[in-house]
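This report concerns only the one structure given below.
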Ligand code: DC
């Protein structure tokens, strides 16, 4: 008995998505493994319990896989598990002894990182465009890492502020970098930014750090160091990275690139309520002016500025809620993964 495994995800919980995904998965498993009908003993499907609208076994039968018993069962709900996922185990009696290939498609590629290609998703855009919220949801849904690159520049800015160094002072910043001890760690799926042994994840969110981060991020030496860390992480695992230059400079070959933007007033309003929720009260007009200044500085710096990569999908979120943006991003990913 040889068992061939496979899995896929569906875009939406509806019949066409289920039929299309099941058919593509089975067609590919059959074609890649050169399977013959007579070799198949049984198809066993399992599906996550957010799928209700159609039965994968029925979808398989309708797609011509009606020559062996088909069975499907719903899996228990697992915290942090992949969403809208259909798995299959095909029990076979192969006519000759040959190796088999297990097939993981779409979002399910992340289930088997060992046999699936690593892919990166670049989400660039200005402050307050909603990209970090979207990045976190996408990373959780695909069960891949979320790397907040802004946090790294913020930590550099924070260190400069603490040392009383101007983030614009090239010499002083280069000296500071010599003993910068910065790392990102992941606990319970959340990024923690560690600066000189201290978890600064909260401290870097203060508004005063935002401009310092923008100033320091314009320094060539800082970018070289941060980009090196970012590339190393992205090379070794599938991840979503949000930032300003990910698609254009850090990972020009990222499989998916998005440029998330929104009107500056809308972005300022979002930042305003984010800060208010954390108990930081700022003047709205001032915050708006700061955001506009930061956009300008981030876009006009010489090296790796905030720019929309030529091949990025642009999403203007001014009139979209987070669910709409996530759906739009996933639609592009699902159609190409
Ligand atoms: O996304 P954020 O607001 O946390 O980023 C803080 C600053 O860091 C931002 O003003 C520009 C800079 N940054 C950058 O230059 N490149 C990145 N990839 C991410 C952030």
(Q) Below 8 Å between Cα atoms, with a sequence gap of 6+, how large is the relative contact order for segment 72-164 in percent? (A) 33 percent
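Restricting the count to DSSP beta bridges whose residues both fall in the chain, what percent are antiparallel, rounded to a multiple of 5?
Values: 23 of 47 bridges.
Bridges in the chain are about 50 percent antiparallel.
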Q) For helix 322-336, what angle does its Cα long axis make with the longest principal axis of the chain, in degrees from 0 to 90 and rounded to 10? A) 50 degrees
**Q.** Mean separation of Cα contacts under 8 Å (6+ apart) over length of the chain, as relative contact order %
**A.** 20 percent
**Q.** Residues 186, 104, 142 arranged by fewest to most Cβ contacts within 10 Å
**A.** 186, 104, 142
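Let's test the formula: R0 of 30 Å, r as the Cβ-Cβ distance of residue 211 and residue 83. What FRET efficiency results, to the nearest 0.05? Present the calculation step by step, with values, prior to reporting the outcome.
On the way: r = 38 Å, r/R0 = 1.26.
Computed FRET efficiency for residue 211 and residue 83: 0.20.
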Q. Fewest to most neighbouring Cβ within 10 Å: what's the order for 136, 159?
A. 136, 159
Q | Principal-axis tilt of helix 284-300 within the chain, Cα atoms, nearest 10 degrees | A | 80 degrees
Q) Using mean Cβ contacts within 10 Å as the protection proxy, how do 71-78, 87-94, 330-337, 319-326 order, highest first? A) 87-94, 330-337, 319-326, 71-78
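If you stretched the chain out fully between residue 297 and residue 273, how much longer would it get, using 0.36 nm times the residue separation minus the C-alpha to C-alpha distance? Don't skip to the answer; put the middle values down first.
Values: separation 24, 0.36 × 24 = 8.64 nm, distance 2.34 nm.
My answer for the length gained is 6.3 nm.
Please compute the contact order of segment 265-319 in relative form: average sequence separation of alpha-carbon pairs under 8 Å and at least six residues apart, divided by the residue count, as a percent.
Working: 23 pairs, mean separation 14.9, N = 55.
With pairs under 8 Å counted, the relative contact order is 27 percent.
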(Q) Between residue 220 and residue 68, what is 0.36 nm times their sequence separation minus the Cα-Cα distance? Round to one decimal in nm. (A) 48.5 nm
Q. If r is the Cβ-Cβ distance from residue 289 to residue 229 and R0 is 41 Å, what FRET efficiency results, to the nearest 0.05?
A. 0.80
Q. If each of residue 96 and residue 263 carries a label point 7 Å out from its Cα toward its Cβ, how far apart are those two points in nm?
A. 6.7 nm
Q. By how many degrees, between 0 and 90 and to the nearest 10, does the Cα long axis of helix 131-142 differ from the longest principal axis of the chain?
A. 20 degrees
Q.
For a Förster distance of 35 Å, can you work out the FRET efficiency between the beta-carbons of residue 118 and residue 168, rounded to the nearest 0.05?
A. 0.45
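Taken together, the values in this text are just the output of simple stated rules run on the coordinates, not laboratory data. The structure displayed is predicted, hence computed values, not measured ones. Heads up, the Cβs are rebuilt from the backbone with ideal geometry, glycines too, and the neighbour counts pull from every protein chain shown.
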